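Notes for the one structure printed next.
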Amino acid sequence: MSLIKKCIAEVIGTCVLVTLGCGTAMLVGCDAANGGGYILTALAFGLVIVGMAYCVGNISGCHINPAVSLGVLISGGMKIGEFCAYVVSQCIGALAGAGILAAIFGLGGVEDKTGGFGSNGLAGVNGSAVAGLLVEIVLTFVFVLTILGVTSKKAGHGSFGGLVIGFTLTLVHILGIGLTGTSVNPARSFGPALVAAFSGNSDPIKALWVFIVGPFVGAAIAAVVYKFLEKEKA
């Protein structure tokens, strides 16, 4: 498959993730005290991954997440040029998704119950960047480690891989939404934060670095750990 087609698939997949995942959060809210919206948002993100895995997975691998691409890069599954192209495509897709939400909610006069296009924040950890980093590192570690295990040629999970990955993303969202909104995906954080800033809310941009650094660190640790665990003795 050509790199151009892979990149187009990553743009589409990330756009769908932000549109449906963040869009659900905007519509139903993510207040942990009212668990309905909380669970719906977690399910929305997880189910998008399931759908996209079976839609574009055979084209690009359905990373739709720079942290996942970093994990694959460190594991030896892609080259640096392809990694850079994937990350750019994912950020474009995230911006497109956030732009679609801005148009829908703006033209329809619908209240954004997150106040920032579903962007991530540190309110759940009382504004602590250190705590936010730790949350994102741990959750991304779990998510990327699962992906590397499921997609390993030794795993033999076949057609069930997309379900496992989707359910794992739902799981990390169930813990993370009340803490940081759950990023585990720098592109997913970047798109909504930038569109929120253009709309007059600069708060998400201020903490954006946490949701870029945290997922990348967590993914890197996951890749190193998985390579160690999978490596057979000579």
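The values are calculated or read from the model by the stated rules, or taken from the named source; none is laboratory data. What you see is a predicted model, and the numbers here were worked out from it, not measured in a lab. Don't worry about glycine lacking a Cβ; one is built from the backbone with ideal geometry, like all the others, and counts go over all protein chains shown.
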task = Looking for whichever is in a helix (DSSP H, G or I) and among the hydrophobic types (A, V, I, L, M, F, W, C) here; the options are Cys22, Cys30. Which one fits?
result = Cys22
note = Scanning segment 192-234 residue by residue, those buried (at least 19 other Cβ atoms within 10 Å of the Cβ) and either among the acidic types (Asp, Glu) or out of contact with any Pro (no Cβ under 8 Å at 6 or more places or on another chain) (or both) turn out to be Leu194, Val195, Ala207, Leu208, Val210, Gly214, Gly218, Ala219, Ala220, Ala222, Ala223, Tyr226
request  = Give the residue that is modelled with the lowest pLDDT, with candidates limited to residues of segment 30-81 that are more than 15 Å from Ala9 (Cα to Cα) and of a type in the set (Ser, Thr, Tyr).
outcome  = Tyr38
note = Given the conditions (1) touching a helix residue (DSSP H, G or I) at 6+ places or on another chain (Cβ under 8 Å); (2) closer than 24 Å to Val213 by Cα; (3) not acidic (Asp, Glu), every one holds for Val110 apart from (2)
message = Looking at Leu101, Leu95, Leu133, Leu47, can you tell me which residue is crowded, with 22+ Cβ neighbours inside 10 Å, within 19 Å of the chain's Cα centre (by Cα) and among the aliphatic types (A, V, I, L, M)?
response = Leu101
Among residues of segment 136-159, those that are among the charged types (D, E, K, R) and buried (at least 24 other Cβ atoms within 10 Å of the Cβ), counted = 1
Considering residues of segment 107-130 that are touching a Ser or Thr at 6+ places or on another chain (Cβ under 7 Å) and part of a helix (DSSP H, G or I) only, the residue surrounded by the most Cβ atoms within 10 Å (Cβ to Cβ) = Gly124
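Got a sec? Which of Ser152, Ser119, Ser89, Ser75 is among the small types (Gly, Ala, Ser), touching a residue at least 60 places away in the same chain (Cβ under 8 Å) and over 25 Å from Val210 (Cβ atoms)?
Details: Ser119 fails: over 25 Å from Val210 (Cβ atoms); Ser89 fails: over 25 Å from Val210 (Cβ atoms); Ser75 fails: over 25 Å from Val210 (Cβ atoms).
Among Ser152, Ser119, Ser89, Ser75, only Ser152 is among the small types (Gly, Ala, Ser), touching a residue at least 60 places away in the same chain (Cβ under 8 Å) and over 25 Å from Val210 (Cβ atoms).
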key: Among residues of segment 172-193, those that are assigned to a helix (DSSP H, G or I), within 23 Å of Ile74 (Cβ to Cβ) and of a type outside the set (Val, Ile, Thr), counted   = 6
task = Determine if segment 70-82 includes at least one residue that is assigned to a helix (DSSP H, G or I), more than 21 Å from Ala219 (Cα to Cα) and not acidic (Asp, Glu).
result = no
request  = Return the residue satisfying two criteria in turn: it lies in segment 1-59 and is touching a Gly at 6+ places or on another chain (Cβ under 6 Å) and of a type in the set (Ser, Thr, Tyr), and of such residues it is farthest from Gly118 (Cα to Cα).
outcome  = Tyr54
task = Determine whether Phe105 is in contact (Cβ under 8 Å) with a residue 24 or more places away in the chain, at positive phi and touching a Leu at 6+ places or on another chain (Cβ under 9 Å).
result = no
